[in-house]
1. What ranking of 147, 302, 369 emerges when the number of other C-beta atoms within 10 Å of each C-beta is taken as an exposure proxy, fewest first?
2. Starting from the Cα of residue 286, step 7 Å toward the Cβ, then list every residue of the stretch 154-197 with an amide N under 14 Å from that point.
3. At 0.36 nm per residue, minus the direct Cα-Cα distance, what do residue 249 and residue 32 gain on full extension? Give it in nm, one decimal, please.
4. How many nm separate the modelled label positions at residue 107 and residue 326, each set 7 Å beyond the Cα in the direction of the Cβ?
5. Test of understanding: ordering 348, 105 by Cβ neighbours within 10 Å, fewest first, what list do you get?
6. What's the whole-number percent of alpha carbon pairs in the stretch 69-120 lying beyond 18 angstrom?
7. Starting from the coordinates of the alpha-carbon atoms of the stretch 259-390, obtain the Kirkwood hydrodynamic radius over all distinct pairs and give the value in Å to one decimal.
8. Given a cut-off of 19 Å, what percent of all Cα-Cα pairs of the stretch 127-212 lie beyond it?
């Protein structure tokens, strides 16, 4: 009897574990198939709808009229992943990429976005004045061709038959001035020597400075990276956000309301604006001391943004400005930082404020709240060139 009971128990155990195995296998197979299906659906959706800059640029008259627009957006969706490649201290940087619109060339300074420097038969690269342009995505040239970036336009503005100037685009998408200063230090320690260093910033420093992070000078992805390093439970599972199933669910629920990055309360914005500007100015002071030590000049420019100034806005730009008041895209919170920047720029001249350079420009220039189309970059480059060529 006992032997038969043991036999039946073993049989039941075998049946149980066999069923459990089939269940686990079925669940894994279903998850794999669901992930594949989700990625296929996302791929089809993204063929017609883009994210980040492209989410707005695709239907924007400041962008969509260009023949290269869709091709640039397709390449941008690939190069945007470079922010997931780790770089010591700076956290991320530019990675090598070659396309018909966007080219990140590998150089002795690392991978950098290609600048179209006009040919100048009167000089060689070795004899040229080297200008390094540091900044975030507006310098890098998110969503636009190599020839249309701010550094490429600057190269055309400053080069004449009497001048030989070689401009290098050191912009990195998402960078604030803290990371740019580290980038400059890295290059100087490696023995590279510029003649002129240009900082073109503002929006990212203002954006990160108003986030509800407890830190007035964070970087992009601050909360997530901080959580991972500190071993927070929620951060250990944030890899799930990269799954196709998660991204598809996010896309499907967009119509239910999108929540942007939490901002500091209105009562704290003025104080955070002051801290963000103080951090920015200290970075510039350090850069200028480095310039004295290593023999280069430093120029800094606070960039324009749609939330500030009195540009005559076309209908689409008006929609973007209205969106900046929403919880989804709360960029109106940056306004106190821009106001503080203009006030300080008119003081000791540590940097030049360009927040109002489009006040008399009627045509559409903005791809979103800060990125510019080729005409916008051309106007901004002309403003920079006035100071650099003095």
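Taken together, the values in this text are just the output of simple stated rules run on the coordinates, not laboratory data. Since we're looking at a predicted model, the values are computed, not measured. Every residue, glycine as well, gets a Cβ built from its backbone with ideal geometry; the counts of neighbours run over all protein chains shown.
1. On the way: 147 16, 302 26, 369 21.
By the 10 Å Cβ count, ascending, the order reads 147, 369, 302.
2. Flagged as within label range: 176-189.
3. Values: separation 217, 0.36 × 217 = 78.12 nm, distance 1.59 nm.
Contour length minus Cα-Cα distance gives 76.5 nm.
4. Label-label distance for residue 107 and residue 326, simple model: 3.9 nm.
5. 348, 105
6. The share of Cα pairs beyond 18 Å in the stretch 69-120 comes to 37 percent.
7. 16.2
8. 42
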